[in-house]
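This report concerns only the one structure given below.
The values are calculated or read from the model by the stated rules, or taken from the named source; none is laboratory data. Only a predicted model underlies this, so the values are computations on that prediction, with no experimental measurement involved. Here the Cβ is made from the backbone with ideal geometry for all residues, glycine too, and neighbour counts use every protein chain on show.
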Amino acid sequence: MQPLRLSLIQGATRWHDPAGNREYYGSLIAALAGQTDLVVLPETFTSGFSNEAIHNAETMDGPTVAWLRERARALDAAVTGSVQLREGQEVYNRLLFATPDGEVRHYDKRHLFRYADEHKRYAAGRDRLIVAWRGWKICPLVCYDLRFPVFSRNRHDPQRGFDYDLLLYVANWPAARAHAWRTLLRARAIENLCYCAGVNRVGIDGNRLSYSGDSAVLDFLGQTMVDFGGQEQTVTVALDPDALAAFREKFPAWMDADAFELKS
């Protein structure tokens, strides 16, 4: 494994404006050419977090998937974030992970935000996604998933090793619950013996909800490597695989973890 250059884009997503958001985030991504291995955008980055955006949900053949493929190719880096995607009669809050070879893998948000009635409009996913990228194993999840530690648990297999090395969360997490966001990101890093990154948006959305950003990258001890605050900004940080491996060997808490099976 080589160090992974991870770029987080904490942007002010435009409300219900897919074309405008592709232009906005595209300009921020373009500046990262030659400087990154993985670019992370917020949850629902083409629309903001909106139940009404379901009516304009795209398909996997739509403009946003094509846009992600092109951005990944141009950067020679992976690009990820979530959008509303339609499959048949269902619409998912779907995280897309695009790589320069044109492949787009996806994860459908499992835990739908009941407090905002997301579960009444969108379909829930079931299985998590582990992506192998440039020698790293990455588990990308979406916003409310952060509150459910069992689903994200990092297990260890004698042959395959750890499930993942980097846990990612893309989010539209309102400022009113910022303390929970910051606390849970650190908890997920510590308990899973991994790097953990959370990318949130900033600004005020069409529902008049305020977002304070607070995007962050934490190491395997839960210590802050990058903390964004509340401004629109892009930051790139290099994750050290040797430091991660050394800590896992020195502090083998994974050997005492409880075995379990996720039923549903």
Answer yes if at least one residue in the range 162-179 is at pLDDT 95 or above, within 25 Å of SER50 (Cβ to Cβ), of a type in the set (Val, Ile, Thr) and under 17 Å from the mean Cα position of the chain (by Cα), and no otherwise. yes
Conditions first: (1) over 20 Å from LEU41 (Cβ atoms); (2) exposed (fewer than 15 other Cβ atoms within 10 Å of the Cβ); (3) not acidic (Asp, Glu). ALA189 passes all but one, so which condition is the exception? (2)
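Is it true that TYR144 is at pLDDT 95 or above, of a type in the set (Ser, Thr, Tyr) and more than 24 Å from GLN84 (Cα to Cα)?
no
Filter the range 217-256 down to the residues that are among the aliphatic types (A, V, I, L, M) and touching a Lys or Arg at 6+ places or on another chain (Cβ under 7 Å), then identify the one that is farthest from ASN51 (Cα to Cα).
ALA238
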Given the residues ALA98, ALA124, which is the only one that is at pLDDT 95 or above, crowded, with 17+ Cβ neighbours inside 10 Å and over 12 Å from the mean Cα position of the chain (by Cα)? ALA98
How about the range 63-94: which of its residues are under 20 Å from ASP17 (Cβ atoms), under 15 Å from the mean Cα position of the chain (by Cα) and not charged (D, E, K, R)? LEU68, VAL79, GLY81, SER82, VAL83, GLN84, ASN93
Working carefully through the options ALA216, ALA197, find the one that is hydrophobic (A, V, I, L, M, F, W, C), touching a Gly at 6+ places or on another chain (Cβ under 9 Å), surrounded by 15 or more Cβ atoms within 10 Å (Cβ to Cβ) and closer than 24 Å to LYS137 by Cα. ALA216
Pick from the range 168-184, criterion under 18 Å from LYS137 (Cα atoms) and not aromatic (Phe, Trp, Tyr), ranking: surrounded by the most Cβ atoms within 10 Å (Cβ to Cβ): VAL170
Residue check: is GLY206 of a type in the set (Gly, Ala, Ser), under 26 Å from VAL83 (Cβ atoms) and assigned to a loop (DSSP other than H, G, I, E, B)? yes
Would the range 176-192 turn up any residue that is part of a loop (DSSP other than H, G, I, E, B), within 23 Å of LEU112 (Cβ to Cβ) and in contact (Cβ under 8 Å) with a residue 40 or more places away in the chain? no
